[in-house]
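Notes for the one structure printed next.
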Amino acid sequence: CKDSRPTSLAMAMDEPMINRLSGIKRSYTALTERLADPDVLADSNLLMKIMSDRSKSEEVVETFDEYTRLAEEFEGAEELFQEAADDVDMKEMARTEMKEIEVQMNELEDKIQVLLLPVDPNDDRNVMLEIRAGTGGSEANIFAGDLLDVYRKFMTSQGWKVSIMDSSAGDDGGYKQVTLDVKGDMVYSKMKWEAGVHRVQRVPATESQGRVHTSTATVAIMPECDEVDVKLDPKDIVLTTMRSGGAGGQNVNKVETAVDLIHKPTGIRVKCTQERSQMKNRDLAMKILMSKLFDIENEKRDMEERERRGSQIGTGGRSEKIRTYNWKDSRCSDHRLGQNFPLSGFLNGDIGSIIDACTAKDQEEKLKALSEESI
């Protein structure tokens, strides 16, 4: 019987959800009004903060508005159905419209649930990306260089700004270690899924017998941070200077511009030789150290969260083997997803589909955890 159909906005949503969304919309409207305030317009920092806060809820509000509009259309179609009396054609037309609207509303409700999931507080941060060659000798260095090329292609497609902060070249090409500074929109939210151990299976260019070798490289994705996020005690830091090597003008090898920094509590060591002044290298080394320490704290938090909800996917502990690249089968296998992707696409920097799949699985697990908590 169609007369028993609910006729309110709560057709699919419960009242607490509607109240929560209404509150988000009120806050969004208030922030929008503040953008026209002369005092806000005169303060660039305040203006940026308000714009940022507003943008975080914009998609939720727009989706809720669309849901509300469809709910009103549903009520109109239901009224038409009830008023049609014995007009069979009119009833059928109204019934068809109600079914179509209901499908759209269910899709929007699913979208709203995803949009309201807890957000990683680091998602909108810039990152430092570190690639370290692992087992495999020269081939591991070359593979680390291949990963760098892939990430640079992807970052260029995203419009991000990338610069090398520190690097150590491999003897036969590639890198023993390379650290990038990556700035752009929501960098951490996408790159965090690349953290972990990457394994390659292929015949190295240096292999004369045609045998397949297995090599690894470790990728660390460290959210950018500052003194507010990480408290450093100067007594915990041992800093020494040395002469830089390599090309760079008369200053090189004559003045101690390179910096070697050790954090005693963790044993983390950072060397910086990129800049031509000791002060710049020191600042760079401190920035890298803070990001490494911040990353350790984040990894602890992520592990606790993943254990709490039995997650199969995460932002990759450094020892977690996340992916294997098989040259013979032209296959890129993500072990967290249990899914294969074309190797050619990955090498061209097309990692968006892998990132989207990781994000979707993470959202699926969060939704499942929420539903189990509400039972």
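Annotations for the structure displayed:
- Within region 347-360, residues that are open to solvent by 40 Å² or more (accessible area, probe 1.4 Å) have Cβ atoms under 8 Å from residues that are at pLDDT 95 or above and not in a helix (DSSP H, G or I) in these pairs: 353/341, counting only partners at least 6 apart in sequence or on another chain.
- Against the test of being modelled with pLDDT of 95 or more and small (Gly, Ala, Ser), the options 174, 159 yield a single qualifying residue, 159.
- Residues of region 39-50 that are farther than 20 Å from residue 25 by Cα, surrounded by 13 or more Cβ atoms within 10 Å (Cβ to Cβ) and under 27 Å from the mean Cα position of the chain (by Cα): 46 alone.
- Scanning region 179-212 for residues that are open to solvent by 50 Å² or more (accessible area, probe 1.4 Å) and aliphatic (A, V, I, L, M) turns up 186, 203, 205, 212.
- Residue in region 6-19 that is in contact with a helix residue (DSSP H, G or I) (Cβ under 7 Å, 6 or more places away or on another chain), open to solvent by less than 40 Å² (accessible area, probe 1.4 Å), at pLDDT 90 or above and more than 24 Å from residue 185 (Cβ to Cβ) present: no
- Some residue of region 161-175 being under 30 Å from residue 259 (Cα atoms), more than 23 Å from the chain's Cα centre (by Cα) and open to solvent by less than 20 Å² (accessible area, probe 1.4 Å): yes
- Flag for residue 69 being in contact (Cβ under 8 Å) with a residue 12 or more places away in the chain and open to solvent by 40 Å² or more (accessible area, probe 1.4 Å): no
- Meets criteria (charged (D, E, K, R), closer than 17 Å to residue 72 by Cα and either surrounded by 12 or more Cβ atoms within 10 Å (Cβ to Cβ) or modelled with pLDDT under 90 (or both)) for residue 53: no
- Only one of the numbered conditions (1) within 34 Å of the chain's Cα centre (by Cα); (2) without any contact (Cβ under 8 Å) to a residue 60 or more places away in the chain; (3) open to solvent by less than 80 Å² (accessible area, probe 1.4 Å) is violated by residue 80, and that is (1).
- For region 54-85, a tally of residues being under 20 Å from residue 110 (Cα atoms) and either of a type outside the set (Val, Ile, Thr) or outside any helix (DSSP H, G or I) (or both) returns 15.
- Members of region 92-101 found to be free of Cβ contacts under 8 Å to residues at least 60 places away in the same chain and crowded, with 16+ Cβ neighbours inside 10 Å, listed by number: 94, 97, 101
- Scanning region 271-286 for residues that are out of contact with any Cys (no Cβ under 6 Å at 6 or more places or on another chain) and without any contact (Cβ under 8 Å) to a residue 60 or more places away in the chain gives 275, 276, 277, 278, 279, 280, 282, 283, 286.
- Condition met for residue 36 (buried (at least 17 other Cβ atoms within 10 Å of the Cβ) and on the phi < 0 side of the Ramachandran plot): no
- Total residues in region 214-236 satisfying the condition of being in contact with a strand residue (DSSP E or B) (Cβ under 7 Å, 6 or more places away or on another chain) and crowded, with 16+ Cβ neighbours inside 10 Å: the figure is 10.
- Filtering region 120-135 to residues that are touching a residue at least 24 places away in the same chain (Cβ under 8 Å) and open to solvent by 40 Å² or more (accessible area, probe 1.4 Å) leaves 124, 125, 132, 135.
- Taking the criterion of being under 21 Å from residue 272 (Cβ atoms) and within 14 Å of the chain's Cα centre (by Cα), the residues of region 176-198 that qualify are 182, 183.
- Of all residues making up region 156-185, the number that are touching a residue at least 60 places away in the same chain (Cβ under 8 Å) and closer than 21 Å to residue 196 by Cα: 5
- Of all the listed residues (154, 143), the sole one being within 17 Å of residue 343 (Cα to Cα) and surrounded by 23 or more Cβ atoms within 10 Å (Cβ to Cβ) is 143.
The values are calculated or read from the model by the stated rules, or taken from the named source; none is laboratory data. Model, not experiment: these values are computed from the prediction. Every residue, glycine among them, receives a Cβ derived from its backbone with ideal geometry; neighbour counts consider all protein chains shown. For accessibility, only protein heavy atoms count, side chains too; no ligands or nucleic acids. Shrake-Rupley method; radii C 1.70, N 1.55, O 1.52, S 1.80 Å.
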